[in-house]
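Colleague: After the structure tokens below, expect a handful of questions from me.
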Amino acid sequence: MFSSKPTRRAVFATVGAIILAAAPRIAFARRMRVAAPGIRVDVAPLRANAGDPTASWVAQFLPGQLQAELARRGASANVSVRIDYLTLGSSTGGIGPAGSSIDTIQGSATMNGAEEPVRATNSYYPSPVDQTMIEQSNRIRVQQLTQALAYWIAQDAAR
């Protein structure tokens, strides 16, 4: 009977090759998270009101979404956004259309020197699966809210 036992050198070579193959993807993913120089997002007030991981999720999602929305509209603006509050409605359903809950995000945006209050809402339709994966569900809800906010901020910046 033949038994194959990999040598230590072969194992290290294989692991090294896997890491080298994944390195460009990892570097690209890190580049994509960095906001454009003209986009700044302040989540300190949100962190004081809602804490983490909510504030961290907003800081992760909003700069890239805002950059994409501005690029889609061909707008070039210096944008500084301060997020004060984020409220997720009931995860078991609410009083909205078809039993949806209303999620809201609000703060202020300064675009080329002019400050305006900003707010966005999103309807959340509960799912039984969400009850077992609450953190993942909330992360998706925050991502959808920041996408809605980025849409409205970019629309104002394009005017």
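Colleague: Which FRET efficiency, nearest 0.05, do Ser91 and Ala68 yield, Cβ-Cβ r, R0 30 Å? All intermediate terms of the calculation are to be shown ahead of the outcome.
Modeller: Values: r = 28 Å, r/R0 = 0.93.
Given R0 = 30 Å and the Cβ-Cβ separation, E is 0.60.
Colleague: Same structure, new question: Label points 7 Å out from Cα along the Cβ direction at Asn78 and Ser123: separation in nm?
Modeller: So the two model labels end up 4.0 nm from each other.
Colleague: Please list the non-local residues whose amide H lies under 5 Å from the amide H of Val118, H modeled 1.01 Å from N, same-chain partners needing a gap of 5 or more.
Modeller: Those qualifying (amide H under 5 Å, at least 5 residues apart or on another chain) are Gly107, Ser108, Ala109.
Colleague: Also: Could you give the radius of gyration (one decimal) and Dmax (whole number) of the Cα atoms in the range 37-157, in Å?
Modeller: Rg and Dmax of the range 37-157, Cα atoms, are 14.5, 45 Å.
Colleague: Met133 to Asp42: FRET efficiency via 1/(1 + (r/R0)^6), r the Cβ-Cβ distance, R0 35 Å, to the nearest 0.05?
Modeller: 0.75
Throughout, read-outs are computed from the coordinates displayed, never taken from laboratory work. Since we're looking at a predicted model, the values are computed, not measured. Positions of Cβ are backbone-derived with ideal geometry, glycine not excepted, and every protein chain shown enters the neighbour counts.
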